[in-house]
Amino acid sequence: MNGHGSTRRTFLKTSVAATGGLVIAFHVPGAKRLAASGLTPAGGFAPNAFLRIGEDDTVTVLLAHSEMGQGIWTTLPMLIAEELDCDWSSIRVEHAPAAQAYAHTAFGIQATGGSTTTWSEFDRYRQAGAAARSMLVQAAAQEVGVPVSECRTGNGVVTASGRSLRYGELTAIAATLTPPESVPLRDPSEWSLIGTPTRRLDTPEKITGRAKFGIDVQLEGMLTAVVARAPSFGATLKSFDASAARAVPGVRHVVQVPSGVAVVADHSWAAIKGREILDIEWTSGPTSGVDSEELLAEWADLTRSPGVTAAERGDTADALAGAEQTIESLFFFPYLAHAAMEPLNCAVRIGPDGCDIWTGTQFQGPDQMAAAAITGLDPEQVRIHTTFLGGGFGRRANPAADFVSEAVHVAKAAGVPVKTIWTRDDDTRGGYYRPAFVHRARLGLGANGMPVAWDHDMAGQSILAGTFFEAGMPENGVDPSSVEGLVDSPYMAEVPNHRVGVHTPDPGIPVLWWRSVGHTHTAFVVETLIDQAAHAAGADPVEYRRKLLAEHPRHLGVLDLAAEKAGWGSNLSAGRARGVAVHESFGSFVAEVAEVSVSGNEIRVHRVTAAIDCGIAVNPEAIEAQIQGGIAYGLSATLHSEIHLKEGAARESNFDDYKVLRLAEMPDVDVHIVPSTDPPGGVGEPGTPPIAPAVANAVFALTGQRLTELPLKL
Amino acid sequence: MKLTVNGIDHDVDAPPEMPLLWVLRDLLGMTGTKYGCGIAQCGACTVHIDGKQQRSCVTPVSAAEGRRVTTIEGLSEDGSHPVQRAWAELDVVQCGYCQSGQIMAAAALLAEAPEPDDAAIDMAMNGVICRCGTYQRIRAAVHRAAELDGRRSR
Ligand code: FES
Ligand code: FES
């Protein structure tokens, strides 16, 4: 046995002593993905701990990813249980601590995002379950004195030679065994959980108010802070007078931090009241004059000239000149706030032995590094306790670690444990928006009505520039997250002459990924243009797409399924029309047919028929919920939401002016899942991109008005 | 000041204008009631006062004095209220943050209208925002809760 093996055995023994059970550790598979991703791993393949089996038979699953509504609290345990053969009711779930062992199998940092959790853990979590089962079987074989081939498992019990041994009874022996390097996984034909609609395991906590979110963390002696931040992006603190704020009953400290001035109090209300009467002067910065309407107008001009080439084939100018018909459209997309229901917050306690952080984060890895840098501690001394997230949508995955860093600064400056909370206004005006974009496209159609040329220029801020992800950007400086869904569009692949140019202005507004990232605008642009082309060609929108997608079977599959289930072509009641869109994102394919009506200038979406091909459908129950939710999230941006920047600050501040979808506007969404044996794709985001173009295309079918700006305005 | 929450009397030391929301969460440690907007726009903070749904973020604690306040923690002992059972059956929740408010609003609606139609549900529940988009299942679950409730009282 080599040194490594004995280290692991020691680790197992220590873990058993500490937990009264068995911890399974093993190497992380996924080297290929890591290499393929092009991102530098933060540190190789450390041994991992994904489950713990107690002497009382409970199986505690540790989640390397964060539960933010997407249902991985259930899906990841399903993967383990599928191989472990345990009793489903014995499963308990916890968020894992921040540790390299839980680094993302593709990104190399501990993170939740990009609709990657299920596929990135599909092998690792099944392996974790399989390794545990194999050790329990070995333990039973040893105990009963039979070869492992004579042992059977089921429902948390090993049976051998007429004896039944509960997993809990076998933990002591199993803990002395060396974990296998890898174990063959079950054949899909043997799956009993994967593919079975399974209800959420976090429901009991979430329907009784017991579920703990970051904002609910309250420790002995912990104070609550709100921070007065710059009134415009880029402004800096000039001076402040805290005497009035300090006089508010309950206010304990007023401290300066890099992002502003923190009012630290016994409770939230006192902190909010104290901040209201804080006397602060700010110095404007270079971004303080930014006006988003002006930006969009400038960028519309910018797109008249060719940007950096992101895709090119053939001679676009020539083909365009020779086209039978041309279509030109200009598209506008505003900045958007994520507006998760739980405003940002983060609780921090800095002690002699390290720093504890309680928060709902999608980015444990970067947050831990940021906190270490601020406190001067080693990353391992920063312990991140991940709570439930009251929504994430990308906002809680910030390479700049803004809300965590700020909270660490506040706790450090105040010298006491502090929970920093953001009010809704703070959250809405805090930046890290979906970047605004302008697209200008010209499509040339041939004599048969099919596109022969596609000339495209776009302008908008880069999300990756200036972050540690910048290293992964191509040399031409084009952010892949700006053009995803456009340069890889199956339609573009079918257009012999095309060119995409990208302008990347930097007005200095903090931007970030927002559920489905670049696809939030590219899907709208592409699916609107194709709809325009179909109309110009006098073709049915579905038939036209079918022709272009003939060589793209998975696109075609979802398109056909959605069209069939929606009754595409059948009569609708007067005043209603259908629109369609199909889009691939995050490894999955989604088509949506929206049925709308219009009254006055109000657009109503009555029904959406969605079809998804996400490869192996691990938990169909969760997939349906994510598509419904993704559509609702997309409908907010389709119909209502927009951040206007005036004088370098958001004009909107709360749900009265930053409008989002409400219950009465929710359409009936039918979700149809294409049966598939392809590897799993993403599910959290792919439902979002097609909804805006499906609705806009339906509005066109109904009114003849082609809307090319979000939110849609009649 | 004396405050009765879920049938238990508490002595609370708070300024009279302090919103009930923060008294519940920060002074009494009952964090099931959520903060979402602070201006009666989102419904995350919904509680019952004398059986009616109220936004605790805009209710001064003084206005709740001497009245019956019920929060999500007190809706049932064990999650067995028909609304909670329907929510579990239909797998409604996602992130869960809005759900205390959703459930309290639905329970108040059913107390007044035991068999609400879609229009009544839309009206009563429109004030509670869910960013995860669980609305469709909420609508179905309110109907289901009405059924479960009807069965119980029959
Ligand atoms: S927090 Fe009270 S309605 Fe939003
Ligand atoms: S479940 Fe997340 S906001 Fe409603």
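A single entry from A:Thr236, A:Thr208, A:Thr196, A:Thr171 fulfils the requirement of being open to solvent by less than 40 Å² (accessible area, probe 1.4 Å), closer than 30 Å to A:Gly392 by Cβ and of a type in the set (Ser, Thr, Tyr): A:Thr208. For segment B:59-67, indicate whether the set of residues that are closer than 27 Å to A:Pro249 by Cα and of a type in the set (Lys, Arg) is non-empty. Taking every residue of segment B:59-67 in turn, at least one turns out to be closer than 27 Å to A:Pro249 by Cα and of a type in the set (Lys, Arg). Does segment B:143-153 contain any residue that is more than 17 Å from the chain's Cα centre (by Cα), within 10 Å of chain A (Cβ to nearest Cβ) and surrounded by fewer than 19 Cβ atoms within 10 Å (Cβ to Cβ)? No, there is no match, as no residue in segment B:143-153 is more than 17 Å from the chain's Cα centre (by Cα), within 10 Å of chain A (Cβ to nearest Cβ) and surrounded by fewer than 19 Cβ atoms within 10 Å (Cβ to Cβ). Regarding A:Ala397, is this residue within 22 Å of A:Ile463 (Cα to Cα), without any contact (Cβ under 8 Å) to a residue 40 or more places away in the chain, open to solvent by less than 40 Å² (accessible area, probe 1.4 Å) and under 26 Å from the mean Cα position of the chain (by Cα)? When the stated conditions are applied, A:Ala397 does not pass them.
Applying the set (1) within 14 Å of chain B (Cβ to nearest Cβ); (2) on the phi < 0 side of the Ramachandran plot; (3) touching a helix residue (DSSP H, G or I) at 6+ places or on another chain (Cβ under 8 Å) to A:Met68 leaves exactly one unmet item: (3).
Which of the residues spanning segment A:574-632 are assigned to a strand (DSSP E or B), charged (D, E, K, R) and in contact with a strand residue (DSSP E or B) (Cβ under 9 Å, 6 or more places away or on another chain)? Listed by number, the residues that qualify are A:Arg576, A:Arg578, A:Glu584, A:Glu592, A:Glu595, A:Arg604, A:Arg607, A:Asp613. Filtering A:Ala235, A:Ala160, A:Ala242, A:Ala174 for residues that are under 30 Å from B:Pro15 (Cβ atoms) and away from chain B (no Cβ under 12 Å) leaves a single hit, A:Ala242. Against the conditions (1) in contact (Cβ under 8 Å) with a residue 12 or more places away in the chain; (2) buried (at least 20 other Cβ atoms within 10 Å of the Cβ), A:Ala534 satisfies every one except (1). Screening A:Phe213 with (1) more than 14 Å from chain B (Cβ to nearest Cβ); (2) open to solvent by less than 40 Å² (accessible area, probe 1.4 Å) gives one miss only, at (1).
Residue count for segment B:17-54 under the criterion of being more than 8 Å from chain A (Cβ to nearest Cβ) and either among the hydroxyl-bearing types (Ser, Thr, Tyr) or within 16 Å of ligand 2 (Cβ to nearest atom) (or both): the result is 3. For segment A:237-293, the strands (runs of 3 or more DSSP E) that sit wholly inside it and include 2 or more residues that are under 19 Å from A:Val348 (Cβ atoms) are A:251-257, A:260-265. Looking across A:Gly615, A:Gly648, A:Gly634, A:Gly684, one residue alone is buried (at least 19 other Cβ atoms within 10 Å of the Cβ), in contact (Cβ under 8 Å) with a residue 60 or more places away in the chain and closer than 22 Å to A:Leu712 by Cβ. It is A:Gly634.
Here B:Ala14 meets each of (1) in a loop (DSSP other than H, G, I, E, B); (2) more than 9 Å from chain A (Cβ to nearest Cβ); (3) more than 16 Å from ligand 1 (Cβ to nearest atom) with one exception, condition (2). Selection of segment B:33-69 for residues being in contact with a His (Cβ under 8 Å, 6 or more places away or on another chain) and either open to solvent by 10 Å² or more (accessible area, probe 1.4 Å) or assigned to a loop (DSSP other than H, G, I, E, B) (or both) yields B:Gln54, B:Arg68. Being within 23 Å of A:Pro258 (Cα to Cα) and either open to solvent by 10 Å² or more (accessible area, probe 1.4 Å) or not assigned by TED's automatic domain parsing to the domain that holds A:Ala225 (or both) is a condition met by at least one residue of segment A:341-349.
Got at least one residue in segment A:344-363 being under 23 Å from the mean Cα position of the chain (by Cα), over 30 Å from A:Leu529 (Cβ atoms) and among the charged types (D, E, K, R)? I'd like the intermediate steps shown before the answer.
To start, the set of residues in segment A:344-363 that are under 23 Å from the mean Cα position of the chain (by Cα) comprises A:344-347, A:357-363.
Among the residues that remain, those that are also over 30 Å from A:Leu529 (Cβ atoms) are: A:344-347, A:357-363.
From what's left, among the charged types (D, E, K, R): none.
No: zero hits.
Residues that are within 15 Å of ligand 2 (Cβ to nearest atom) and either over 26 Å from A:Leu389 (Cα atoms) or among the polar types (S, T, N, Q) (or both), at least 3 per element: which helices (runs of 4 or more DSSP H) completely within segment B:83-154 meet that? Hits in segment B:83-154: B:99-112. With respect to being within 30 Å of B:Ala88 (Cβ to Cβ), surrounded by fewer than 21 Cβ atoms within 10 Å (Cβ to Cβ) and away from ligand 2 (no atom under 16 Å from the Cβ), A:Gly162 falls outside the description. Which of the residues spanning segment A:103-132 are open to solvent by 10 Å² or more (accessible area, probe 1.4 Å) and either outside the structural domain of A:Asp85 (by TED's automatic domain parsing) or touching a strand residue (DSSP E or B) at 6+ places or on another chain (Cβ under 6 Å) (or both)? Listed by number, the list is empty, since nothing qualifies.
For (1) closer than 30 Å to A:His385 by Cβ; (2) hydrophobic (A, V, I, L, M, F, W, C); (3) within 14 Å of chain B (Cβ to nearest Cβ), each residue gets a yes or a no:
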{"site": "A:Pro306", "(1), (2), (3)": "no, no, no"}
{"site": "A:Glu312", "(1), (2), (3)": "no, no, no"}
{"site": "A:Thr316", "(1), (2), (3)": "no, no, no"}
{"site": "A:Ala319", "(1), (2), (3)": "no, yes, no"}
{"site": "A:Glu328", "(1), (2), (3)": "no, no, no"}
{"site": "A:Ala337", "(1), (2), (3)": "yes, yes, yes"}
{"site": "A:Ala340", "(1), (2), (3)": "yes, yes, yes"}
{"site": "A:Pro343", "(1), (2), (3)": "yes, no, yes"}
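Counting only residues that are small (Gly, Ala, Ser) and open to solvent by 20 Å² or more (accessible area, probe 1.4 Å), segment A:286-302 holds 2 of them. Screening A:Ile691, A:Ile627 for residues that are closer than 19 Å to A:Phe332 by Cα, touching a residue at least 24 places away in the same chain (Cβ under 8 Å) and within 11 Å of chain B (Cβ to nearest Cβ) leaves exactly one candidate, A:Ile691. Before we move on, is A:Met369 open to solvent by less than 40 Å² (accessible area, probe 1.4 Å) and of a type outside the set (Asp, Glu)? Here the answer is no, as A:Met369 does not meet what is asked. Filtering segment B:89-116 to residues that are within 10 Å of chain A (Cβ to nearest Cβ) and over 23 Å from B:Gly36 (Cβ atoms) leaves only B:Glu89. Is it true that some residue in segment A:181-201 is among the aromatic types (Phe, Trp, Tyr) and more than 14 Å from every other protein chain (Cβ to nearest Cβ)? Yes: one or more hits.
Kindly evaluate A:Arg152 against the criterion of being out of contact with any Phe, Trp or Tyr (no Cβ under 6 Å at 6 or more places or on another chain), open to solvent by less than 60 Å² (accessible area, probe 1.4 Å) and away from every other protein chain (no Cβ under 14 Å).
In short, no.
Just the residues that are away from chain B (no Cβ under 14 Å) and not β-branched (Val, Ile, Thr), please, taken from segment A:635-658. Of everything in segment A:635-658, those that are away from chain B (no Cβ under 14 Å) and not β-branched (Val, Ile, Thr) turn out to be A:Glu642, A:His644, A:Leu645, A:Lys646, A:Glu647, A:Gly648, A:Ala649, A:Ala650, A:Arg651.
The values are calculated or read from the model by the stated rules, or taken from the named source; none is laboratory data. Here the structure is a predicted model, which means the values were calculated and not measured. Glycine gets a Cβ as well: all are built from the backbone with ideal geometry, and neighbour counts include every protein chain shown. Side chains included, ligands, DNA and RNA excluded: accessible areas come from the protein's heavy atoms. Shrake-Rupley method; radii C 1.70, N 1.55, O 1.52, S 1.80 Å.
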